[in-house]
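Q: This is the structure I want to talk about, given as structure tokens.
The values are calculated or read from the model by the stated rules, or taken from the named source; none is laboratory data. In this text the structure is predicted, and so the values were computed from the model without any measurement. Cβ atoms come from the backbone with ideal geometry, glycine included; neighbour counts cover every protein chain shown.
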Amino acid sequence: MAKAGTASEIRKELAALIPAGENAEWVNSFLEKAVSFLSLQASFSEEKMILLLEEERQVAAEKDAALRRVTANLNNSEKIAGIGNFYWKLGSSEIDFSKNLKLLFGLSDFESSPDALIEKFEKSGTILNLIQNAIHRKENFRIDNLKLVDDDRYFLMEGIVSIDIKGNPDSVSGIFQDVTREYLASKLVEEQKKFYESILDNIPVDIAIFDENHKYLFINPIAVKNTETRNFLIGKDDFEYCAFRNISTDSAEKRRELFLKAKVSGQSMDFEDKVMSAVGKEVYVLRRFYPVYSDKGKFRFMIGYGVDISKKKRQEIELANSLEEKEALLGEVHHRVKNNLSLILGLIEMQAAYSEDGYFKKQLSEIRSRILAMALIHDKLYKSTTFAKIDLKDYLTDLISSISKFFSREKIIKTSFDLESVQISSKTAVPLALLVNEIVTNAFKYAFSKVENGQLRVLLRKENGEIMLQIADNGPGLPEGLDLKKGKTLGFKLFGLFVKQLKGVYETKSESGMEFTIRFPED
């Protein structure tokens, strides 16, 4: 081989040494390097040149193997991901398709035109227009959920529009990806969402779902009837709604406070809300905030329920007003009955004062005592906060003290009380009052006439759903052989009658005085 010469001569000599069939790109690269080298090293030997040539061939073989591996890996990756790529030189009637793209769409080696690809899809004309518009605007594009003709597969198409040095569209490269699984999954989620929303929309309560910041994620038509307003509220909170409606934020502040309590505590919060409807009508709503958390305890969303209780609330208000009127009326009735009984008592006392008949005075005194017992009931009911019940403890104390005061002009009697607080109805109070009046009056009239230091003990208890009243004195007791149940006097008959009205029972002991024990059911 010549040791010196022109570059073209050296190139010819080197080319003759290269075997036929070598890669043209590699050959040109090698010749350029060799000519450059030989131009500087004119005394290069043929043996050294062959070694250099072999080294270059090995490097090229390694690069070629690496390229094949990369290409194979790319093909495998595309196959796994359901992706195929393409390259379209604009102005050309052919498109370069990757191997996997041909497999995805069943394209033969002879099908390489843009139309052959696009016509695989439904609405191909629309797709082609979208691509052409993107090319015209020099913008990259993405088209979702392209469905194949006579095939249930769906694809995503993404393309990049390349621009040449003059600023004109030059080529389009991109991918098609099989998104059938994702598309069907999203359709299923959408169908489930519509299903659950249809349920929520038709439940006869207002329902809203909030995010962690108390902003609306969902509102059903019961909560907000106007569709435009519902759509406006998504992503907004109650304060923005108040601003939109130009109303007070008092209700919004209350809701925010309870929302935060429910969120922090993890417990539902119930509250009553009063709002103004669109037509200016007061609406009462019973609401609940119910927090929902993930399995790991992270807050996900808040469900708000609301039940319109306006009708019930108005009925309660009307009932309260009606009850207030009836209580005032009933109070007036008790007051008038008490006054009338007091008038009768006055008349009886006047009649007794003018009479000289001892027996007649005694009878009038017994009548007076009974009327006094009933008058005291009406007085207690009139002064009570409720006209349905009276406190038996207070009543017995006042009644017995009143009887004791009447008879104390003759003798001082020590009275002791051991009473529980028991509420009874006016229906029960009347016969019980008359019964107590008979027992206590008789004690003062008969038991204490023969003892120096008279004592009266009164015990009141609630036991196993019953009321137990015990009245005892330290007098001589009943005469021997006298049976209350067989007594023929008015007092004895009244005693049995009053116990019967109470639906109760009684028992007596006459050992160290007289002891009456009456038991009757609670109201």
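Q: Inspect the range 263-279 for any residue being under 17 Å from Met302 (Cβ atoms), among the acidic types (Asp, Glu) and modelled with pLDDT of 90 or more and give the result as yes or no. Give the derivation first.
A: Applying the first criterion (under 17 Å from Met302 (Cβ atoms)) to the range 263-279 yields 263-271, 273.
Then keep just the ones that are among the acidic types (Asp, Glu); that gives 270, 273.
Applying the additional criterion that residues be modelled with pLDDT of 90 or more yields 270.
Checked against the condition, which is being under 17 Å from Met302 (Cβ atoms), among the acidic types (Asp, Glu) and modelled with pLDDT of 90 or more, the range 263-279 yields at least one hit.
Q: Find all pairs meeting these conditions: Cβ atoms under 6 angstrom apart; at least six residues apart or on different chains; first residue within the range 242-261 and touching a residue at least 60 places away in the same chain (Cβ under 8 Å); second residue among the small types (Gly, Ala, Ser).
A: Going by the 6 Å Cβ cut-off, there are no qualifying pairs.
Q: Looking only at the range 174-193, decide whether some residue is closer than 22 Å to Glu94 by Cβ and not aromatic (Phe, Trp, Tyr).
A: Our first condition is that a residue be closer than 22 Å to Glu94 by Cβ; within the range 174-193, this holds for 174-176.
In the following step, the residues that additionally are not aromatic (Phe, Trp, Tyr) were identified as 174-175.
Checked the range 174-193: at least one residue is closer than 22 Å to Glu94 by Cβ and not aromatic (Phe, Trp, Tyr).
Q: Only one of Lys166, Lys187, Lys194 is in a loop (DSSP other than H, G, I, E, B), among the basic types (Lys, Arg) and loosely packed, with under 13 Cβ neighbours inside 10 Å. Can you tell me which?
A: One residue alone meets the criteria, Lys166.
Q: Within the range 297-312, which residues are farther than 19 Å from Val275 by Cβ and in contact with a helix residue (DSSP H, G or I) (Cβ under 9 Å, 6 or more places away or on another chain)?
A: Listed by number, the list holds a single entry, Phe299.
Q: Moving on to the next point. Check the range 220-240 and report whether any residue there is under 13 Å from Phe289 (Cα atoms), under 15 Å from the mean Cα position of the chain (by Cα) and at pLDDT 85 or above.
A: no
Q: Taking the condition surrounded by fewer than 13 Cβ atoms within 10 Å (Cβ to Cβ), assigned to a helix (DSSP H, G or I) and among the charged types (D, E, K, R), does Glu318 pass?
A: yes
Q: Six or more apart or on different chains, Cβ under 9 Å: which pairs go from a residue in the range 218-230 that's of a type in the set (Ser, Thr, Tyr) to one that's surrounded by 14 or more Cβ atoms within 10 Å (Cβ to Cβ) and in a helix (DSSP H, G or I)? Could you list them?
A: Cβ pairs passing all conditions: Thr229/Tyr241.
Q: Counting only residues that are at pLDDT 80 or above and surrounded by 21 or more Cβ atoms within 10 Å (Cβ to Cβ), which one in the range 445-457 is farthest from Ala472 (Cα to Cα)?
A: So, considering only residues that are at pLDDT 80 or above and surrounded by 21 or more Cβ atoms within 10 Å (Cβ to Cβ), the one farthest from Ala472 (Cα to Cα) is Gly454.
Q: Considering only the range 336-439, give the strands (runs of 3 or more DSSP E) lying wholly within it that have at least 2 residues that are farther than 28 Å from Lys493 by Cβ, out of contact with any helix residue (DSSP H, G or I) (no Cβ under 9 Å at 6 or more places or on another chain) and at pLDDT 70 or above.
A: Ranges flagged: 413-419.
Q: Do you know which of the residues in the range 391-441 that are over 60 Å from the mean Cα position of the chain (by Cα) and more than 23 Å from Thr508 (Cβ to Cβ) is surrounded by the most Cβ atoms within 10 Å (Cβ to Cβ)?
A: Selected residue: Phe406.
Q: Would you check which residues across the range 475-492 are surrounded by fewer than 19 Cβ atoms within 10 Å (Cβ to Cβ) and either under 13 Å from Glu515 (Cβ atoms) or modelled with pLDDT of 75 or more (or both) and list them?
A: The answer is Pro476, Gly477, Leu478, Leu484.
Q: Does Lys263 satisfy the condition of being assigned to a helix (DSSP H, G or I), more than 27 Å from Lys312 (Cα to Cα), out of contact with any helix residue (DSSP H, G or I) (no Cβ under 8 Å at 6 or more places or on another chain) and in the same structural domain as Pro291 (by TED's automatic domain parsing)?
A: yes
Q: If you scan the range 241-253, which residues turn out to be surrounded by 14 or more Cβ atoms within 10 Å (Cβ to Cβ) and within 21 Å of the chain's Cα centre (by Cα)?
A: Scanning the range 241-253 gives Tyr241, Ser251, Ala252.
Q: Could you please give the count of residues in the range 279-303 that are loosely packed, with under 14 Cβ neighbours inside 10 Å and in contact (Cβ under 8 Å) with a residue 24 or more places away in the chain?
A: Looking only at that region, the number is 2.
Q: Which one of these does Leu130 not meet: (1) more than 22 Å from Gly82 (Cα to Cα); (2) in contact (Cβ under 8 Å) with a residue 60 or more places away in the chain; (3) of a type outside the set (D, E, K, R)?
A: (2)
Q: Same structure again: Would you say Leu156 is in a strand (DSSP E or B), closer than 30 Å to Leu217 by Cα and either not assigned by TED's automatic domain parsing to the domain that holds Leu128 or not aromatic (Phe, Trp, Tyr) (or both)?
A: yes
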